[in-house]
């Protein structure tokens, strides 16, 4: 489980290393026949290279040490 303050990088772009500064949930924008979808957890990550803040889904992040 990822938490605020952990150092992370996206699984598909391991060169973008940074730190989680906030975690929040968003509601899905689609609806399925079987019922509602669950909320998606998103992290705001401050990148080390240029201090930009980007939003990345938690499922696409991995922790680095």
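So, in the stretch 1-13, exactly how many residues are within 16 Å of residue 52 (Cα to Cα) and modelled with pLDDT under 95?
Of the residues in that region, 1 qualify.
Which ranges mark the strands (runs of 3 or more DSSP E) fully within the stretch 13-65 that have 2 or more residues being touching a residue at least 40 places away in the same chain (Cβ under 8 Å)?
Result: 61-63.
Quick one: would you say residue 49 is exposed (fewer than 10 other Cβ atoms within 10 Å of the Cβ) and at negative phi?
yes
When the residues of the stretch 23-37 are narrowed to those that are surrounded by 10 or more Cβ atoms within 10 Å (Cβ to Cβ) and at pLDDT 75 or above, which ends up farthest from the chain's Cα centre (by Cα)?
37
The values are calculated or read from the model by the stated rules, or taken from the named source; none is laboratory data. Worth saying up front: this structure is predicted, and the values here are computed from it rather than measured. FYI the Cβ positions are ideal-geometry reconstructions off the backbone, even for glycines, and counts take in every protein chain you see.
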